[in-house]
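S.K.: What follows is a single structure, and I will ask about it in a moment.
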Amino acid sequence: MMFTVGVVLVAAAVVLFILQPLVKGIHASLERDDDELTETEARKRVALLALRDVEYDFLAGKLDEDDYRSLKSELTAEALAALEADEAAKAGGAGDEALEAEIARLREGLNTGTPCPACAYANADGSRFCSACGHAFAAAVAG
Ligand SMILES: [Zn+2]
């Protein structure tokens with residue numbers, strides 16, 4: 001009995017040591033409201049919690065070592081990918097906004113712009129020349 005408890009304690013200590021940075025990450029994530037979680041943060045949290053569950057299941061004897069190893073490597077890879085995606089999303093936040101503004105501008109041009117008779121590029125209303133091919137608009141020139 002003492003032997004079993006000792007083994008579990010040592011295993012738990014090792015797991016805690018290995019997971020320490022990840023567990024801190026989970027707590028950091030949990031401090032925020034769910035509503036504030038971005039998609040990448042949610043993905044990161046799910047991956048980390050799944051990884052923790054695998055550790056618990058293994059310690060509880062619900063997983064054999066082969067399953068544990070394959071699940072753990074799978075989930076660790078996912079957690080790392082999620083962490084990187086989250087970092088990239090935070091670093092590239094401004095870039096996303098610029099991209100969305102560009103997409104919105106392009107959509108607006110498609111809906112309201114003047115399509116070029118030569119190449120069909122959607123130019124802004126009032127353009128005298130096509131921005132894409134340089135074709136002169138007859139209506140604009142006449143007006
Ligand atoms: Zn054109």
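S.K.: Sort Leu51, Leu9 from largest to smallest accessible area, using a 1.4 Å probe on the heavy atoms of the protein chains.
M.R.: I get Leu9, Leu51, largest accessible area first.
S.K.: Which order do Tyr121, Tyr56 take when ranked by solvent-accessible area (1.4 Å probe, heavy atoms of all protein chains), largest first?
M.R.: Order by accessible area, largest first: Tyr56, Tyr121.
S.K.: For the pair Val7/Ala77, report the inter-label distance in nm, with labels modelled 7 Å from Cα in the Cβ direction.
M.R.: Here the modelled spin labels are 3.0 nm apart.
The values are calculated or read from the model by the stated rules, or taken from the named source; none is laboratory data. Quick caveat: nothing in here was measured; it's all calculated off a predicted structure. Here the Cβ is made from the backbone with ideal geometry for all residues, glycine too, and neighbour counts use every protein chain on show. Please note that ligands, DNA and RNA were not included when accessible areas were found on the heavy atoms of the full protein model with its side chains. Shrake-Rupley method; radii C 1.70, N 1.55, O 1.52, S 1.80 Å.
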